[in-house]
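The values are calculated or read from the model by the stated rules, or taken from the named source; none is laboratory data. Keep in mind that this is a model prediction, so the values were computed, not measured. FYI the Cβ positions are ideal-geometry reconstructions off the backbone, even for glycines, and counts take in every protein chain you see. Please note that ligands, DNA and RNA were not included when accessible areas were found on the heavy atoms of the full protein model with its side chains. Shrake-Rupley method; radii C 1.70, N 1.55, O 1.52, S 1.80 Å.
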Amino acid sequence: MSISSATPAPDLTVQGAEVPDPHIATLVLLGASGDLANRLLMPALGKLLDAEPQRRGIELLGAGAEDWDAQTWTDHLKDSLTAAEVSAETIDALLATTSYQQADVTSAADLERLVKAAKPAPALYFALPPAVTAKACDALADVALPDGTVLVLEKPFGTDVASAKALNARLATLVPEERTFRVDHFLGRATVLNLLGVRFANRIFEPVWNNQHVESVDIVFDEQLTLEGRARYYDKAGALVDMIQSHLLQVMALVAMNPVGEVSAFDLREAKAEILRAARVWGGDPASASRRARYAAGDVDGRQVPDYAAEPGVDASRGTETLAEVVLEVDSWRWAGVPFRLRSGKAVGVARKEVVVTFKPVPHLPTGLTGACEPDRLRLVMGPDAIALDLNVNGEDDPMGIDRVSLDTQLHPGRLPAYGEVLAGVLDGDPLLAVRGDTAVECWRIVDAVLDAWAKDETPLQTYPAGTQGPEGWPV
């Protein structure tokens, strides 16, 4: 059973709030020749300029270690934008003003040269590995940054609580917190933003959005993708750090937070911070509240996948997990006793990317009704974006029997890709979708206990054949 969406998704624009005029004159892309810039950032910038042509005055300054001349850079940029189907007008506008400089981004002298080449106020986007970003931020201490400079960092923000605090302290000496954008592109996904509309624009949900009615919450991001040549980063991170520590904890905070007065950066980020401060591993026992595994050789959708430990660039002795699960609790009046299960894995047989809110069973099923009466479930699916409500209804053949139906609809994908939404916030100086410094630390606090237990082998590293849903006995 399905229902079609007859009207657009709720407009989450804050009524009466003024959208600031674009104030960033130059986007300085550090690591401009890398995969992140080519595959995601440059196409997202093009899509943003297509959607909002008044922004075409933004100049793009690329910087990287490669010794590229102007033609090589413009060809690289044009190829990236063309592949993303950006309009010819936008491409021409960007190519007319863009430039590229070879630079060592950990050198204060090179960074100062880049800043001087940019129109004030610039946004410095660190499309770089986290360790290189940290060194670049240290080098910026010796650079005079123009007023209004914005710093944009990719996750992960540090490697543990101590390093996250140290990075925050360094950033605070460079620009104010409101000019620091810790990017989590997951927060730009239309599905994640739709959480706000589903929760706060529908009266039927909020009264039951608590431990009196909710049995459990599952946030799952399982994908068929394998290592895909990312061993240099992924083998040092693993599924827990790569997905759960950042993306899924941010989604959990949106699911669990208290209602806000307005969709503003201050209100939304403070509501999320309240949840993350109250979150901890279930029962205070990270060993029993977590699982880890990595894929062995197998078949994923007809494609032969080698053992993860045999992938190029992988150090098998690290014991890096490709599937991680952790159960958390939120110590608050609203959520006490409700398990939040966060799971993410690679090389699974069936991709599953959704938030599932499972409600408690009815307290009494009237005598005379027959059949299985399963708990109601609200499912918010990510990619393709959809929402479904699984309910019990009277059966077709036997009106006294209980059947299961799902009321579902597709959600609107949004006018911009996730990175387009992120870049819009950067260029507008609106940190709504950015991660605040204190919450970055809280996310590490939550998972550090699990990482410590894993380092001591208190939680065994299991294996699963690629193309399956994980080790036998794991809940899916």
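See the values below:
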item: Residues of segment 53-103 classified as touching a strand residue (DSSP E or B) at 6+ places or on another chain (Cβ under 6 Å), of a type in the set (Gly, Ala, Ser) and either touching a residue at least 60 places away in the same chain (Cβ under 8 Å) or surrounded by 19 or more Cβ atoms within 10 Å (Cβ to Cβ) (or both), total; result: 3
item: When residues of segment 104-116 are limited to those that are in contact with a helix residue (DSSP H, G or I) (Cβ under 6 Å, 6 or more places away or on another chain) and among the β-branched types (Val, Ile, Thr), the one most open to solvent (accessible area, probe 1.4 Å); result: Thr106
item: Strands (runs of 3 or more DSSP E) contained entirely in segment 263-307, each with at least 2 residues that are without any contact (Cβ under 8 Å) to a residue 60 or more places away in the chain and either open to solvent by 30 Å² or more (accessible area, probe 1.4 Å) or within 26 Å of Leu187 (Cα to Cα) (or both); result: 303-305
item: Matching entry among Leu254, Leu249 (being under 15 Å from the mean Cα position of the chain (by Cα), in contact (Cβ under 8 Å) with a residue 40 or more places away in the chain and closer than 30 Å to Tyr464 by Cα); result: Leu249
item: Residue count for segment 169-222, restricted to those that are modelled with pLDDT of 95 or more, out of contact with any strand residue (DSSP E or B) (no Cβ under 7 Å at 6 or more places or on another chain) and crowded, with 17+ Cβ neighbours inside 10 Å; result: 1
item: Looking only at segment 128-140, and only at residues there that are among the small types (Gly, Ala, Ser) and at pLDDT below 95, the one that is least open to solvent (accessible area, probe 1.4 Å); result: Ala134
item: Count of segment 316-326 residues which are in contact (Cβ under 8 Å) with a residue 12 or more places away in the chain and open to solvent by 60 Å² or more (accessible area, probe 1.4 Å); result: 1
item: Members of segment 367-385 found to be touching a Ser or Thr at 6+ places or on another chain (Cβ under 6 Å), open to solvent by 20 Å² or more (accessible area, probe 1.4 Å) and not in a strand (DSSP E or B), listed by number; result: Pro375, Asp385
item: Residues being buried (at least 19 other Cβ atoms within 10 Å of the Cβ) and either part of a helix (DSSP H, G or I) or among the aromatic types (Phe, Trp, Tyr) (or both) - total across segment 438-476; result: 12
item: Flag for Pro120 being part of a loop (DSSP other than H, G, I, E, B), touching a residue at least 60 places away in the same chain (Cβ under 8 Å) and open to solvent by 70 Å² or more (accessible area, probe 1.4 Å); result: yes
item: Segment 346-366, residues that are over 20 Å from the mean Cα position of the chain (by Cα), open to solvent by less than 50 Å² (accessible area, probe 1.4 Å) and not β-branched (Val, Ile, Thr); result: Gly349, Phe359
item: Flag if Tyr419 is buried (at least 19 other Cβ atoms within 10 Å of the Cβ) and part of a strand (DSSP E or B); result: no
item: Residue within segment 189-196 that is in a loop (DSSP other than H, G, I, E, B) and within 19 Å of Leu111 (Cβ to Cβ) present; result: no
item: Filtered residues of segment 207-257 (kept if part of a helix (DSSP H, G or I) and more than 18 Å from Phe340 (Cα to Cα)); result: Pro207, Ala231, Arg232, Tyr233, Tyr234, Asp235, Lys236, Ala237, Gly238, Asp242
item: Residue in segment 336-345 that is open to solvent by less than 50 Å² (accessible area, probe 1.4 Å), at pLDDT 95 or above and part of a loop (DSSP other than H, G, I, E, B) present; result: yes
